[in-house]
Amino acid sequence: MTTVSTHLQQILDTLPTRPGVYLMKNDQGDVIYVGKAVNLRSRVRSYFQPSTLSNRASKTARMVTHISDIEVIVVDSELDALLTEINLIKAHQPLYNIRLKDDKRYPYIKVHWQAPYPRLTVTRRMIEDGARYFGPYTSAAAVHQTLDVLRKAFPYLTCDREINGEDDRACLYYDIKLCSGPCIGAIDQEEYRASIQNLMDFLQGRSTEIIRRLNDRMWQAADRMEYEKSARLRDQIQAMERIAQQQKVVSPTSANQDVIAFARANGDACVQIFFIRSGKIIGREHYVLEGTEEDEPQEAVLTDFIKQFYDKAAEVPPEVLLPHELEEAQVIESWLRCKRGNKVVLNVPKRGQKKELVELVSENAEETLAMLRAQWEADTTRQEIALREVQEALGLAGPPARIECYDISNTQGTAISASRVVFVQGVARKSEYRRYNIRSVQGHGDDYASMREVLDRRFRRWQESQSEDHKPGQKKDHTWSLLPDLLIVDGGKGQLGVAVEVLESYGLLGQVPVVGLAKQHEEVFMPGQRKPIILPRRSQGLYLLQRVRDEAHRFAITHHRKRRAKMGIASILDSIPGVGPIRRKALLAKFGSLDAIRRATLDEIAATHNIGPELAAVIKEELE
């Protein structure tokens, strides 16, 4: 157990062993994480184990440094714990939980089925009022577009007038065939409700059955020489057939499924969900998640999405297809069964058509994420806001059009690497990214000395560019002659102090604004200021700084890992904290190769002579 405050230690020592929910709080009393456990004592204490905290860059390790208090709620069962956890996350929106992006409510199509003549509206709140709900949708525009198409096939009421069938004249919507005219008795209550029932069936994918029924009614009306009614049914069938042609058939059976997959890149995560009803894809939606990181396990991302999505979903199908197994699958199935009223199965297909479906949704998730990232980069208004917020927060003379960020990556002084990333007008300019192999630091992980070297090399190139005589035919890299409007170093006061010294040595202090961005608390340190600057949590300025910093980290660590891979098995094992020549020899004697160690379980590695469970966890994490 790692060192904790006396207050926290008292809580950890007295935790119950029953199921429940725990709330982690910071020193200001804010809830920063909510979790559930079958055994509260075991789960909560695991956060403070050395094996959990060994990777200081991990999200969990960073979170633990902020925990000042822990509150627990004991419940009777794991299902009760799940329900309580969902409600508390919804109420507190904790910083370290994975969350559906934005706090807004998503829109639904609401069919006022409890009314004698049901109307259709758009709402963002589901209540138990006898109405039928369909959704949620991520876009209100998509909801209205769906209703526009449906209205041509199933003309429905939008007015608030009382319907008795005795009005003298109908409104314009009746004349343009977007209302069936129950107000003037053009359609009776039974027939109108049957049309709305067909609309709801259609939203659930039962188009083939509805078209067949309406086709029978059309010919029956024609046989009775009710040609106006027959023509109305014909137009309705044609409109439905046009919609049905857009629904892709993916199963020869009448399967009702949701298919869920996700993609993530550089801290962004996008979940895609396809809705399959009666064997057809009747719709799809994507949801952006926040609070995810590259070290977040895939099952954690899926689990948290499923809890939040189905807490709000109007319908739960009998089967949900997933790309990965979930540790909490059984309790989630129990919860979904309660919501649906009968059995729900979470299925991870291994082969066949269902597996192909999951792969299709995964591809769509990747494409959607790429599109969203491209839209963000192309959103000049958003970038202008971000740059202006950074300017105001840091007191810069103007918006930082050119931002350079530097990061160091090393493992116990092995293969020390650095990166420079460049953002121009808020957009990454990858052609100006640069990698550095640190030369002056060997055998120990001195990040300060490494940062000094990389910044010295960068500004020495600037100095040289000022006096270079360009010779015809000689290729020249002009990027070194450009000074940044904002220089960011990944780290706190120590790294900032190094950057200040380097800038001062080149006469650039005051000319090049410089800050240190500490990931642990998202604090911005500035020269000469004792207290850090904290940008608003949801500000575009903070998002931009995080994006720049995270991109520098990604670029540095990618290069670092490639260098380590070239150094051979022995060097890689030696670079793992706690593994020296004796333990390296024991590991290779038992497993024979690096790949075999990677494939081994934690228990197998821990059973190796002189390793143990805590070091085994570190080895597993480093090699993965």
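Looking at Thr84, Thr60, Thr52, Thr17 in this structure, which one is outside any loop (DSSP other than H, G, I, E, B), among the polar types (S, T, N, Q) and either assigned by TED's automatic domain parsing to the domain that holds Phe305 or modelled with pLDDT of 85 or more (or both)?
Working: Thr60 fails: either assigned by TED's automatic domain parsing to the domain that holds Phe305 or modelled with pLDDT of 85 or more (or both); Thr52 fails: either assigned by TED's automatic domain parsing to the domain that holds Phe305 or modelled with pLDDT of 85 or more (or both); Thr17 fails: outside any loop (DSSP other than H, G, I, E, B).
Going through Thr84, Thr60, Thr52, Thr17 in turn, just one is outside any loop (DSSP other than H, G, I, E, B), among the polar types (S, T, N, Q) and either assigned by TED's automatic domain parsing to the domain that holds Phe305 or modelled with pLDDT of 85 or more (or both): Thr84.
Quick grid of which residues meet (1) farther than 26 Å from His66 by Cα; (2) at pLDDT below 90; (3) assigned to a loop (DSSP other than H, G, I, E, B):
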residue: Thr479; (1), (2), (3): yes, yes, no
residue: Gly497; (1), (2), (3): no, no, no
residue: Glu504; (1), (2), (3): yes, no, no
residue: Val515; (1), (2), (3): no, no, no
State which residue is nearest to Val271 (Cα to Cα) when the search covers only region 138-153 and only residues that are crowded, with 17+ Cβ neighbours inside 10 Å, among the aliphatic types (A, V, I, L, M) and touching a residue at least 40 places away in the same chain (Cβ under 8 Å). Leu150
Any residue in region 187-214 that's in contact (Cβ under 8 Å) with a residue 60 or more places away in the chain and within 17 Å of Tyr156 (Cα to Cα): show its pairings with residues that are part of a helix (DSSP H, G or I) and not aliphatic (A, V, I, L, M) at Cβ separation under 8 Å, as long as the two are six or more apart or on different chains. Gln189/Pro182; Tyr192/Pro182
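Of Leu394, Leu360, which residue is surrounded by fewer than 20 Cβ atoms within 10 Å (Cβ to Cβ), within 18 Å of Leu486 (Cβ to Cβ) and among the aliphatic types (A, V, I, L, M)?
Details: Leu360 fails: within 18 Å of Leu486 (Cβ to Cβ).
After applying the criteria, what remains is Leu394.
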Considering every residue within region 301-324, establish whether at least one is at pLDDT below 90, within 15 Å of the chain's Cα centre (by Cα) and in a loop (DSSP other than H, G, I, E, B). no
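Condition check ((1) among the aliphatic types (A, V, I, L, M); (2) closer than 19 Å to Glu367 by Cα; (3) out of contact with any strand residue (DSSP E or B) (no Cβ under 7 Å at 6 or more places or on another chain)) across all residues:
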residue	(1), (2), (3)
Ile281	yes, yes, no
Glu285	no, yes, no
Val288	yes, yes, no
Gln308	no, no, no
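Applying the selection to region 230-263, what residues are of a type in the set (Lys, Arg) and either touching a strand residue (DSSP E or B) at 6+ places or on another chain (Cβ under 9 Å) or modelled with pLDDT of 85 or more (or both)? Step through it out loud before you land on a result.
Keep residues of region 230-263 that are of a type in the set (Lys, Arg), which gives 232, 234, 242, 248.
The answer is Lys248, and nothing else.
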Would you be able to tell me the number of residues in region 201-216 that are part of a helix (DSSP H, G or I), of a type outside the set (Val, Ile, Thr) and buried (at least 20 other Cβ atoms within 10 Å of the Cβ)? 3
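Would you check which residues across region 525-540 are part of a strand (DSSP E or B), aliphatic (A, V, I, L, M) and modelled with pLDDT of 90 or more and list them?
Across region 525-540, there are no qualifying residues.
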Criterion: among the basic types (Lys, Arg) and either within 16 Å of Leu486 (Cα to Cα) or at pLDDT 90 or above (or both) - qualifying residue of Arg452, Arg420: Arg420
Just one listed residue, out of Glu389, Glu366, is among the acidic types (Asp, Glu) and not assigned by TED's automatic domain parsing to the domain that holds Gly528, and it is Glu366
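Condition check ((1) crowded, with 17+ Cβ neighbours inside 10 Å; (2) part of a loop (DSSP other than H, G, I, E, B); (3) among the β-branched types (Val, Ile, Thr)) across all residues:
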residue: Arg125; (1), (2), (3): no, yes, no
residue: Asp129; (1), (2), (3): no, yes, no
residue: Pro136; (1), (2), (3): yes, yes, no
residue: Pro155; (1), (2), (3): yes, yes, no
residue: Asp160; (1), (2), (3): no, yes, no
residue: Arg169; (1), (2), (3): no, yes, no
residue: Ala194; (1), (2), (3): no, no, no
residue: Met218; (1), (2), (3): yes, no, no
Residue that is surrounded by the most Cβ atoms within 10 Å (Cβ to Cβ) [pool: residues in region 171-188 that are over 46 Å from the mean Cα position of the chain (by Cα) and part of a helix (DSSP H, G or I)]: Pro182
Of the conditions (1) within 17 Å of Arg402 (Cβ to Cβ); (2) under 31 Å from the mean Cα position of the chain (by Cα), Ala518 clears all except one; give me its number. (1)
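Of everything in region 484-534, what is small (Gly, Ala, Ser) and buried (at least 23 other Cβ atoms within 10 Å of the Cβ)? Give them in sequence order.
If we filter region 484-534 for residues that are small (Gly, Ala, Ser), which is where we start, we get 491-492, 494, 497, 499, 505, 507, 510, 516, 518, 528.
The answer is Gly491, Ala499, Gly516.
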Every residue in region 63-81 that is closer than 27 Å to Leu336 by Cα and in a loop (DSSP other than H, G, I, E, B), please. Val75, Asp76, Ser77
Checking Glu522 against (1) free of Cβ contacts under 8 Å to residues at least 40 places away in the same chain; (2) farther than 27 Å from Arg373 by Cβ; (3) touching a helix residue (DSSP H, G or I) at 6+ places or on another chain (Cβ under 9 Å); (4) not hydroxyl-bearing (Ser, Thr, Tyr), only one condition comes out false. Which one? (2)
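The values are calculated or read from the model by the stated rules, or taken from the named source; none is laboratory data. Note that the structure is a prediction, hence the values are computed from the model and not measured. Every residue, glycine among them, receives a Cβ derived from its backbone with ideal geometry; neighbour counts consider all protein chains shown.
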